[in-house]
1. Which of the residues spanning segment 103-138 are under 14 Å from SER158 (Cβ atoms) and either loosely packed, with under 14 Cβ neighbours inside 10 Å or among the small types (Gly, Ala, Ser) (or both)?
2. Looking at (1) surrounded by 17 or more Cβ atoms within 10 Å (Cβ to Cβ); (2) of a type outside the set (Asp, Glu); (3) without any contact (Cβ under 8 Å) to a residue 60 or more places away in the chain; (4) outside any helix (DSSP H, G or I), which is the only condition ALA166 fails?
3. Taking the criterion of being under 23 Å from LYS34 (Cα atoms) and among the hydroxyl-bearing types (Ser, Thr, Tyr), would at least one residue in segment 81-92 satisfy it?
4. Pick from ALA81, ALA62: which is buried (at least 20 other Cβ atoms within 10 Å of the Cβ), under 18 Å from PHE188 (Cα atoms), in contact with a strand residue (DSSP E or B) (Cβ under 8 Å, 6 or more places away or on another chain) and of a type outside the set (Phe, Trp, Tyr)?
5. Mind checking which residues of segment 1-16 are in contact with an Asp or Glu (Cβ under 9 Å, 6 or more places away or on another chain) and outside any helix (DSSP H, G or I)?
6. Can you spot a residue in segment 148-157 that is outside any strand (DSSP E or B), surrounded by 18 or more Cβ atoms within 10 Å (Cβ to Cβ), of a type in the set (Val, Ile, Thr) and modelled with pLDDT under 95?
7. Could you figure out which of (1) loosely packed, with under 14 Cβ neighbours inside 10 Å; (2) touching an Asp or Glu at 6+ places or on another chain (Cβ under 7 Å); (3) not acidic (Asp, Glu) isn't true of ALA96?
8. Hey, among VAL98, VAL131, which residue is among the aliphatic types (A, V, I, L, M) and over 20 Å from ARG198 (Cα atoms)?
Amino acid sequence: MDDTLRPTRFIDADSPAVRGFVAAHAGDGDDVSKAVSLYYALRDTIPYDMRTFGLDPDQFVASHVLQASGAFCVPKAVALAALARAVGIPSRVGFANVRNHLASPRLLALMDDDIFYWHAYTSLFLDGKWVKATPAFDIALCRKHGVTPLDFDGREDSIFQPYDQAGRPHMEYVDFIGAFDDLPLESFADAMRTHHRRMLDFLDAERASRRHATTSP
């Protein structure tokens with residue numbers, strides 16, 4: 001279990017930001033209760049924001065995620081892994097290819113197909129087994145879009161529901177890629193450039209435009 005407990009480049013479990021978040025939110029219970037508390041705190045403290053999608057390595061460092069105004073699924077999964085390791089819970093970052101049936105037309109227009117590649121979750125070792133936790137969608141976002149927020153009890157997998165509250169198809173897991181002891185940034189980046197190049201370019205251009213607008217006299 002050593003490799004799933006030690007700090008890494010991205011899962012910087014020994015950083016002050018991670019330890020401070022743990023001190024504020026983990027509580028004094030057993031591993032399961034700590035994992036559940038940290039899951040909910042991270043899920044709702046850092047809003048999900050697909051506009052942050054990019055490949056800047058710094059945005060995947062857990063301590064940076066905990067200080068960000070928003071993040072997408074991969075940085076949030078990395079952050080939960082760091083929080084878990086900081087309290088002695090073995091963790092990994094897992095990935096799956098998914099089909100989001102409720103994705104916005106604007107987002108789908110930037111994709112070559114309807115698959116979101118390398119969607120992330122966190123794998124936690126609790127009570128003698130690995131369980132999946134998905135802290136991506138915060139409760140405010142779920143309420144806005146009529147999606148039931150994902151609960152996590154620390155004992156069973158918590159992955160996105162196949163249907164929303166209205167019975168519409170929601171998230172379909174096409175295949176699971178696997179779990180890693182640290183974020184495999186190069187493999188992830190290669191997959192994003194292969195499958196989501198237009199989305200990356202569009203969002204990079206939007207961010208550059210916003211930076212220019214704020215710095216122009």
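The values are calculated or read from the model by the stated rules, or taken from the named source; none is laboratory data. Owing to the predicted nature of the structure, the values given are computational and were not obtained by experimental measurement. So basically every Cβ, Gly included, is an ideal-geometry build from the backbone, and we count neighbours across all protein chains shown.
1. Hits for segment 103-138 are ALA120, SER123, LYS129, ALA133, ALA136.
2. Result: ALA166 passes all but (1).
3. yes
4. Numbers: ALA62 fails: in contact with a strand residue (DSSP E or B) (Cβ under 8 Å, 6 or more places away or on another chain).
Step by step, each of ALA81, ALA62 is checked, and only ALA81 is buried (at least 20 other Cβ atoms within 10 Å of the Cβ), under 18 Å from PHE188 (Cα atoms), in contact with a strand residue (DSSP E or B) (Cβ under 8 Å, 6 or more places away or on another chain) and of a type outside the set (Phe, Trp, Tyr).
5. The first filter runs over segment 1-16 and keeps only residues in contact with an Asp or Glu (Cβ under 9 Å, 6 or more places away or on another chain), leaving 3-4, 6-11.
Answer for segment 1-16, where residues must be in contact with an Asp or Glu (Cβ under 9 Å, 6 or more places away or on another chain) and outside any helix (DSSP H, G or I): ARG6, PRO7, THR8, ARG9, PHE10, ILE11.
6. Restricting attention to segment 148-157, the residues satisfying the condition of being outside any strand (DSSP E or B) are 148-157.
In the following step, the residues that additionally are surrounded by 18 or more Cβ atoms within 10 Å (Cβ to Cβ) were identified as 150, 152, 154.
If we keep only those that are of a type in the set (Val, Ile, Thr) as well, we get none.
Looking through segment 148-157, none of the residues is outside any strand (DSSP E or B), surrounded by 18 or more Cβ atoms within 10 Å (Cβ to Cβ), of a type in the set (Val, Ile, Thr) and modelled with pLDDT under 95.
7. (1)
8. Details: VAL98 fails: over 20 Å from ARG198 (Cα atoms).
Testing whether each residue is among the aliphatic types (A, V, I, L, M) and over 20 Å from ARG198 (Cα atoms) leaves just VAL131.
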